[in-house]
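For reference, the structure is listed below as structure tokens.
The values are calculated or read from the model by the stated rules, or taken from the named source; none is laboratory data. Computed from a predicted structure; not experimentally measured. Here the Cβ positions follow ideal geometry from the backbone for every residue, glycine too, while neighbour counts run over all protein chains shown. To get the accessible areas, we keep the full protein, side chains included, count just its heavy atoms, and leave off ligands, DNA and RNA. Shrake-Rupley method; radii C 1.70, N 1.55, O 1.52, S 1.80 Å.
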Amino acid sequence: MKVLVVGGGGREHALAWKLAQSPKVQAVYVAPGNGGTALDARLENINITDVQALRAWAATEKIALTVVGPEQPLAAGIVDEFRAHGLRVFGPTKAAAQLESSKAFSKAFMKRHGIPTAEYETFTDAAAAHAYVDEKGAPIVVKADGLAAGKGVVVAMTLHEAHEAIEFMLAPDPDFNPLGVKHNAGGARVVIEEFLQGEEASFIVLCDGKNVTALATSQDHKRLLDGDQGPNTGGMGAYSPAPVVTPTVHARAMREIIMPTIKGMEKDGIPFTGFLYAGLMIDAEGKVKTLEFNCRMGDPETQPIMMRLKSDLYEVMMAATSGKLDQVELEWDRRVALGVVMAAHGYPLQPRKGDLITGLPPVNPVEPEDTVVFHAGTATGSAKDSVLTSGGRVLCVTTLANSVREAQHQAYDVARTIQFDGAQYRKDIGFRALKS
């Protein structure tokens, strides 16, 4: 069978890497892919990003399964397009993807269906937003309504930071948009939320419209610098499992958040299929609230999760696209997986591109591997087998080991051998698990 993975980041590299391990899969294509997928003989990059052109290509090539990685094509309706032409695709429809593509839609949905989340208000008028922040005080959270590649959230610890974020996100001048936020067509909107105390975790499940199967728990590190300092990023590393998600917390998240969401979407006439990612805030008493929904796997959470998955991902995806997830029981490696993101100079605001990457370990065709360097912001250079930086988050060095500390040592040993000018990475990925 032929499989297509849509996207070009670390998440897509990890999904393609795992799908290629299935004995039932003869070819895995990645559109557009990256430098890492280009160098892996088991994968083939396809330089097509237009949704209709990609659908036509998939039909011509008789692609048996398409798995959509990033949020942009989901919000653009790629699943609707593929399904309309009889192609099997895993992901939510454009309407269902609003759970991520519109923070305002998501918050209203949660309120309507009684799903625990932070108190909030939505604004299009900057003056009203400023007044609300002054009334509520800081810390407070300001979110851009549209897609922002994980960077449209400002956790403002002071009123000054909150007011500055409102100006950035509701700026009338399109050239004055330092966060790079992509607003909804109706105009710029922000969602302003109460600041929640606790520990965050990523809770990701597979959905087929009715049935749900939970993936291994994970926790990522959003801040750029050690000790959760510095600006928010798309994620500087992750590990699985997450000790903070105890069996009690897991059951509560499924009962209070995941299942009400799936049932609520079905009730609203927009059944949810695909990966559903609930960002959880877990308080000291083990109570959970929803920080946000994503309609895709997290990045970099996907990398350690795929390292731990022992089940055949192709078979799981085929069951999920057949409405048969209730017949699936996932098998997991009992070891810890940990991924360290290596980011480009200037990330997250102005990442530099074009730096030569050296010291990459050779791609190992023998499975299973205990250490894999998944590529994200990379591209092949003109010289044979050369790889250059081409985005903010460049690589994710991911390892499997018997403990968090051992996984840390393995990952950082490999990270230190990889060189590119201005490389930056946190030295404390997994530190919360060591405190548990």
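Remarks
- Considering only residues in region 3-52 that are of a type in the set (G, A, S), open to solvent by 10 Å² or more (accessible area, probe 1.4 Å) and part of a loop (DSSP other than H, G, I, E, B), the one that is farthest from G359 (Cα to Cα) turns out to be A20.
- Evaluation of G279 against (1) part of a helix (DSSP H, G or I); (2) closer than 27 Å to D80 by Cα; (3) out of contact with any helix residue (DSSP H, G or I) (no Cβ under 9 Å at 6 or more places or on another chain) (one fails), failing number: (1)
- When E292 is tested against (1) in a strand (DSSP E or B); (2) among the acidic types (D, E); (3) closer than 18 Å to A216 by Cα, only condition (3) is not met.
- Within region 216-259, considering residues that are part of a loop (DSSP other than H, G, I, E, B) and among the polar types (S, T, N, Q), the one farthest from the chain's Cα centre (by Cα): T246
- Qualifying residue in region 197-206 (condition: assigned to a loop (DSSP other than H, G, I, E, B) and either surrounded by fewer than 22 Cβ atoms within 10 Å (Cβ to Cβ) or among the hydrophobic types (A, V, I, L, M, F, W, C) (or both)): yes
- Strands (runs of 3 or more DSSP E) contained entirely in region 358-436, each with at least 1 residues that are of a type in the set (K, R) and in contact (Cβ under 8 Å) with a residue 40 or more places away in the chain: 393-401
- Members of region 53-91 found to be among the polar types (S, T, N, Q) and either open to solvent by less than 10 Å² (accessible area, probe 1.4 Å) or free of Cβ contacts under 8 Å to residues at least 12 places away in the same chain (or both), listed by number: T60, T66
- Applying the condition of being of a type outside the set (A, V, I, L, M) and in contact with a strand residue (DSSP E or B) (Cβ under 6 Å, 6 or more places away or on another chain) to region 10-31 and asking which residue is farthest from G392 (Cα to Cα) yields Y29.
Yes/no matrix, rows are residues, columns are (1) open to solvent by less than 30 Å² (accessible area, probe 1.4 Å); (2) at pLDDT 90 or above; (3) farther than 30 Å from D268 by Cα:
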residue: G137; (1), (2), (3): yes, yes, yes
residue: H163; (1), (2), (3): no, yes, yes
residue: N184; (1), (2), (3): no, no, no
residue: L215; (1), (2), (3): yes, yes, no
residue: D220; (1), (2), (3): yes, yes, yes
residue: N232; (1), (2), (3): no, no, yes
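- Answer from A148, A188 - the residue that is crowded, with 17+ Cβ neighbours inside 10 Å, at pLDDT below 90 and over 30 Å from Q303 (Cβ atoms): A188
- Meets criteria (at pLDDT 95 or above, surrounded by 24 or more Cβ atoms within 10 Å (Cβ to Cβ), within 30 Å of W332 (Cα to Cα) and of a type in the set (S, T, N, Q)) for T398: yes
Okay, residues lined up against (1) among the small types (G, A, S); (2) open to solvent by 50 Å² or more (accessible area, probe 1.4 Å); (3) farther than 20 Å from S22 by Cα:
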| residue | (1), (2), (3) |
| --- | --- |
| Y347 | no, no, yes |
| F374 | no, no, no |
| A379 | yes, no, yes |
| S390 | yes, no, yes |
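- The condition (being open to solvent by less than 40 Å² (accessible area, probe 1.4 Å), over 18 Å from the mean Cα position of the chain (by Cα) and not aliphatic (A, V, I, L, M)) is satisfied by just one residue among E301, E315, E369, E329: E369.
- Under the condition of being surrounded by 18 or more Cβ atoms within 10 Å (Cβ to Cβ) and within 16 Å of F272 (Cα to Cα), the residues counted in region 103-114 number 4.
- Test result for K384, modelled with pLDDT under 95, surrounded by fewer than 20 Cβ atoms within 10 Å (Cβ to Cβ) and closer than 24 Å to S202 by Cα: no
Results for (1) over 24 Å from the mean Cα position of the chain (by Cα); (2) not β-branched (V, I, T), shown as yes or no for each residue.
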| site | (1), (2) |
| --- | --- |
| V373 | no, no |
| G381 | yes, yes |
| G392 | no, yes |
| T417 | yes, no |
| D421 | yes, yes |
| R426 | no, yes |
| K435 | yes, yes |
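- Restricting M342, M307 to those that are at pLDDT 95 or above, in contact with a Leu (Cβ under 9 Å, 6 or more places away or on another chain) and in a helix (DSSP H, G or I) reduces the list to M307.
- Residue in region 66-82 that is over 19 Å from the mean Cα position of the chain (by Cα), closer than 23 Å to Q303 by Cβ and part of a strand (DSSP E or B) present: no
- Members of region 261-276 that are surrounded by 17 or more Cβ atoms within 10 Å (Cβ to Cβ) and part of a helix (DSSP H, G or I): T261, I262, G264, M265
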